[in-house]
1. Once the piece of chain linking residue 34 and residue 90 is laid out straight, how much longer is it, given 0.36 nm per residue of separation minus the C-alpha distance between them?
2. Taking every alpha carbon pair in the range 20-149, what does the distance histogram look like in 10 angstrom bins from 0, in percent?
3. When the chain is fully extended, how far beyond the present Cα-Cα distance does residue 41 get from residue 57, taking 0.36 nm per residue of separation?
4. Antiparallel versus total DSSP beta bridges in the chain: what percent is that, nearest 5?
5. Between residue 68 and residue 150, what FRET efficiency follows from the Cβ-Cβ distance if R0 is 30 Å, with the result rounded to 0.05?
6. How far, in degrees from 0 to 90, does helix 56-67 lean away from the longest principal axis of the Cα atoms of the chain, to the nearest 10?
7. At q = 0.16 Å⁻¹, work out log10 I(q)/I(0) for the range 36-111 with the Debye formula, treating every Cα as an identical point scatterer and leaving solvent out; two decimals please.
8. Could you list, bin by bin from short to long, the percent of Cα-Cα pairs of the range 91-151 in 10 Å steps?
């Protein structure tokens with residue numbers, strides 16, 4: 001007679017999230033990101049990208065996006081890692097069709113979103129903006145996955 005507990009235990013283990021980032025790792029990631037943006041540290045910012053399997057033009061686009069300097073008079077007011085809603089998670093894991101008709105998807109399943117809030121003041125007034133980027137964990141590191149072609 002086979003033990004029915006082993007298949008159940010295996011199913012439970014396989015259904016657990018594939019990430020195990022600790023709160024300390026998440027804080028370190030957010031602090032590194034904020035410090036690098038404020039210092040204009042392109043090397044650190046690009047090191048946060050997970051680019052395995054991504055086409056060079058997509059990698060370059062993401063490098064440009066993460067290293068874009070803050071506009072004059074702007075400052076980061078918050079950096080958070082937020083768990084996406086089930087709807088957001090489903091959308092993050094769907095292939096996206098690009099203008100050229102090619103489909104791309106994230107190579108790693110995001111477990112949170114990096115949410116950055118920036119406030120700016122200037123001659124034209126003040127404003128506040130928020131941007132989000134999916135983050136995933138790979139080999140114990142929190143990374144920003146760069147899309148790859150859907151296979």
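Read-outs: derived from the displayed coordinates by stated rules, not from any lab. Nothing here was measured: the structure is a model prediction, and the numbers come from that model. Because the Cβ atoms are built from the backbone with ideal geometry, glycine has one as well, and the counts that use them run over all protein chains shown.
1. On the way: separation 56, 0.36 × 56 = 20.16 nm, distance 2.74 nm.
Here the segment from residue 34 to residue 90 would lengthen by 17.4 nm.
2. Result, from short to long distances: 12, 40, 35, 12, 1 percent.
3. Values: separation 16, 0.36 × 16 = 5.76 nm, distance 2.13 nm.
Additional length available on full extension: 3.6 nm.
4. Values: 26 of 28 bridges.
If I count the DSSP bridges inside the chain, around 95 percent turn out antiparallel.
5. Working: r = 27 Å, r/R0 = 0.90.
My answer for the efficiency is 0.65.
6. Roughly 60 degrees, rounded to the nearest 10.
7. Computed log10 I(q)/I(0) values: -0.81.
8. Per 10 Å bin, starting at zero, the Cα-Cα P(r) for the range 91-151 comes out as 20, 35, 25, 17, 3 percent.
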